[in-house]
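Below: the structure, in C-alpha cells.
No lab work stands behind these numbers, since they all come straight from the coordinates. The shown structure was predicted, so the numbers you read here are calculated from the model rather than taken from an experiment. Cβ placement follows ideal geometry from the backbone for every residue including glycine, while neighbour counts extend to all protein chains displayed.
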Amino acid sequence: MPDAHGQVFLADCPTRLAVEIITEKWAVIVLFALSLQPRRPGELADLIGGVSHKVLTQTLRRLQAYGLVERRAYAEAPPRVEYSLTALGQTLVGPITVLTDWARDHGEAIVDFQEQNGH
C-alpha cells in the first residue's frame, strides 16, 4: 500500500500545489498581515519591509487567483482598494501563527549559526 504522504511528491498532487503557493517568498507574510485586518495595498507595502509594489501586487493577485485573498474596490473618489482573507485564507491563520512563533523563537539561532559558519 503506497504511503499517503508520498503523494505530496507527485507533480499533479493538490497538496503539493498548496505547499508551493504558500511557500512563495512573500505569500506567508502577506497572509499574516491580512490575518490581522483588511488592508490597502499601500498599507501592506508600508507594513512589509523590503517588498516592492510590483511584487506585492503580483503576490496579491496570485493569492486571489487561488481563493485565499479577496480584493474589494470601493466606489469612492479617489478610488479605494482593500484586500482581506477569504474563508479559505482564514484557515491558514493557525498554521501561519505557529510558523511565525517558531521563527520568532528560533530566528536568532539561525542567524548565530550562519555567523559561526561564515555564511
**Q.** Spacing of the two label points (7 Å from each Cα toward its C-beta) at Leu36 and Tyr74, in nm
**A.** 1.9 nm
Q: Report the net charge of residues surrounding Leu85, where surrounding means a beta-carbon distance below 13 angstrom and charges are Lys +1, Arg +1, Asp -1, Glu -1.
A: +1
**Q.** Global geometry of the chain, whether rounded, prolate or oblate, following the gyration tensor of its Cα atoms and the 1.5 cut on a/c
**A.** oblate
Q. Once phi is turned into ³J(HN,Hα) by the Karplus curve 6.51 cos²θ - 1.76 cosθ + 1.60 with θ = phi - 60°, what whole-Hz value does each residue of segment 62-76 show in order, with x for glycine and proline?
A. 5, 5, 5, 5, 9, x, 9, 10, 10, 10, 10, 9, 9, 7, 10
Q: Count charges around Val69 for me, please; just the other residues with Cβ under 10 Å from its Cβ, Lys/Arg as +1, Asp/Glu as -1.
A: +2
Q. Each label point is 7 Å from the Cα along the Cα-to-Cβ direction; what then is the distance between the points at Cys13 and Gln64, in nm?
A. 3.1 nm
Q.
With θ taken as phi - 60° and the coefficients 6.51, -1.76 and 1.60, list the Karplus ³J(HN,Hα) couplings across segment 83-90 in order, rounded to whole Hz; mark glycine and proline as x.
A. 10, 8, 7, 7, 4, 5, x, 4
Q. Tally Lys/Arg at +1 and Asp/Glu at -1 over every other residue whose Cβ is under 13 Å from the Cβ of Leu47; what's the total?
A. 0
Q. Going by how many other Cβ atoms sit within 10 Å of their own, how do Leu60, Leu36 line up, fewest first?
A. Leu36, Leu60
Q) Tell me, what ³J(HN,Hα) does each residue in segment 21-28 have, in order and in whole Hz, if you take phi through Karplus 6.51 cos²θ - 1.76 cosθ + 1.60 with θ = phi - 60° and put x for Gly and Pro? A) 5, 7, 9, 4, 2, 9, 4, 5
